[in-house]
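Encoded as structure tokens, the structure appears first; notes follow it.
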Amino acid sequence: MTTSLPDPNSVVDLLSSAFQSDKADGIEATLQLRITGPEARNYYLQIKDKAISGGEGIVEKPRVTISANLKDLLNIFEGRLDPMTAYFQGRLIVQGDLSFAMKLAGLFKRKK
């Protein structure tokens with residue numbers, strides 16, 4: 001079964017809807033998401049006061065920058081691709097606070 005990818009512009013909405021605010025107590029961070037490939041775009045997410053917001057664009061000095069193609073990024077956040085596997089295969093590039101990046105998966109509901 002092949003599923004079509006959502007419009008890259010819906011990435012922030014998808015991640016926002018999967019965000020688990022109850023797990024974000026005390027977290028304040030800005031994330032940069034770089035989607036690579038034919039759907040190349042830059043997005044940012046701001047986590048503050050147990051809430052998340054974001055949009056399209058580039059921010060200065062994000063706590064972490066995550067780069068991947070759209071399909072891999074969505075598969076990671078939906079639980080179909082292990083982030084560590086993607087990282088070691090070079091399909092996921094993480095820059096910045098690596099320990100924080102490892103905690104990110106726990107802030108989002110993942111499909112099983």
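Laid out as a table, the results:
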quantity	calculated
The stretch 8-105: projected area of the alpha-carbon convex hull, averaged over directions, in nm²	5.7 nm²
Hits among aspartates and glutamates - C-alpha to C-alpha of Lys109 under 15 Å, sequence gap 8 or more where chains match	Asp13, Asp22, Glu78, Asp82
Cα-based reach from Lys61 at 20 Å (exclusive), listing aspartates and glutamates while leaving out same-chain residues under 8 positions away	Glu28, Asp49, Asp97
Dipole magnitude of the stretch 8-105 about its Cα centre (Cβ charges: Lys, Arg +1; Asp, Glu -1), debye to nearest 20	180 debye
Loop GluC sites (Glu not before Pro), the stretch 41-102, which have at most 16 other Cβ atoms in a 10 Å radius of their Cβ (DSSP)	Glu60, Glu78
Positive-end extreme of charge dipole, the stretch 8-105 - chosen from Ser21, Gln95, Leu74 (charges on Cβ)	Gln95
Long-range HN-HN contacts of Gly79 with modeled amide H, under 5 Å	Lys111
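None of the figures in this text is laboratory data; all of them are computed from the coordinates on show. A quick note: this is a predicted structure, and the numbers were derived from the prediction, not measured. Note that each Cβ is placed from the backbone with ideal geometry, even for glycine, and that neighbours are counted across all protein chains shown.
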